[in-house]
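S.K.: Got a structure here, written out as structure tokens. Questions coming.
Just so it is clear, none of the values below were taken in a lab; they were calculated from the coordinates. Keep in mind the model is a prediction, meaning the values are calculated, not measured. Ideal geometry is used to build each Cβ from the backbone, glycine not excepted, and the neighbour counts take in all protein chains shown.
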């Protein structure tokens, strides 16, 4: 039997900023997960992955397949712009949602840092 999972330690301000950077530069939702909001971060990450997959499908279908069919002299496929539009929308929503989550995480960490009592000198 597994021992119970301990709660994560409180976020420091520097780690909260790290979570914001991860959310905005690397992967929307990943920084939210690392910031301690696991369920919310998983939804953001899933939304970003759906958007990414739709964008990749659109790029493959419209750019690669159409240019390949054109090179072979076949008629081009009708554009799949809906996949590209939905993919961009899903990814943009995940990114914006991750931004707001990150700002909340940073503000919460800043409040926690300000509420700490000052350290006493040792000497």
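S.K.: Using a Förster distance of 35 angstrom, determine the FRET efficiency expected from the C-beta separation of residue 50 and residue 14, and round it to 0.05. Let's see the in-between values first.
M.R.: Values: r = 32 Å, r/R0 = 0.90.
In this case the efficiency is close to 0.65.
S.K.: Looking only at 12, 32, 81, which one moves most when the chain is put into a Gaussian network model with springs between Cα atoms under 10 Å?
M.R.: Judging by the Gaussian network model, the answer is 81.
S.K.: So how far apart, in nm, are the two label points at residue 99 and residue 57 if each is 7 Å from Cα heading toward Cβ?
M.R.: Once both label points are built, they end up 2.7 nm from each other.
S.K.: Okay, moving on. Cβ neighbours within 10 Å, averaged per peptide: list 51-57, 72-78, 93-99 in order, most packed at the top. Intermediate results must be reported in sequence, preceding the final value.
M.R.: Values: 51-57: 16.6, 72-78: 9.0, 93-99: 18.7.
Highest to lowest by the protection proxy: 93-99, 51-57, 72-78.
S.K.: Report the gain in length on full extension from residue 115 to residue 25: 0.36 nm times residue separation, minus Cα-Cα distance, nm rounded to one decimal.
M.R.: On the way: separation 90, 0.36 × 90 = 32.40 nm, distance 2.97 nm.
Additional length available on full extension: 29.4 nm.
S.K.: Tell me which label goes with the value of percent of Cα pairs over 26 Å apart computed from the coordinates here: (i) 17; (ii) 10; (iii) 45.
M.R.: (iii)
S.K.: Can you compute the helix-only [θ] at 222 nm over the chain? Use -39500 (n - 2.57) per DSSP H run of at least 4 residues, normalise by all residues, nearest 500 deg cm²/dmol. Don't jump to the answer; show the numbers that get you there.
M.R.: Details: 5 runs with 76 residues, N = 123.
Taken over the chain, the calculation gives -20500 deg cm²/dmol.
S.K.: Quote the relative contact order of the chain in percent (integer), defining contacts as alpha-carbon pairs under 8 Å separated by 6+ residues.
M.R.: On the way: 139 pairs, mean separation 39.8, N = 123.
Taking the mean separation of contacting Cα pairs over the length of the chain, I get 32 percent.
S.K.: Taking the 0 to 90 degree range and rounding to the nearest ten, how far is the long axis of helix 81-115 tilted relative to the main principal axis of the chain, both from C-alpha atoms?
M.R.: 10
S.K.: Which of the three applies to the range 59-123, rounded, prolate or oblate, going by the alpha-carbon gyration tensor with a ≥ b ≥ c and a/c under 1.5 meaning rounded?
M.R.: On the way: a/c = 15.32, a/b = 4.17, b/c = 3.67.
Verdict is prolate for the range 59-123.
S.K.: A follow-up question, please. Output the 0 to 90 degree angle, nearest 10, between the alpha-carbon long axis of helix 38-58 and the longest principal axis computed from the alpha carbons of the chain.
M.R.: Approximately 20 degrees, to the nearest ten.
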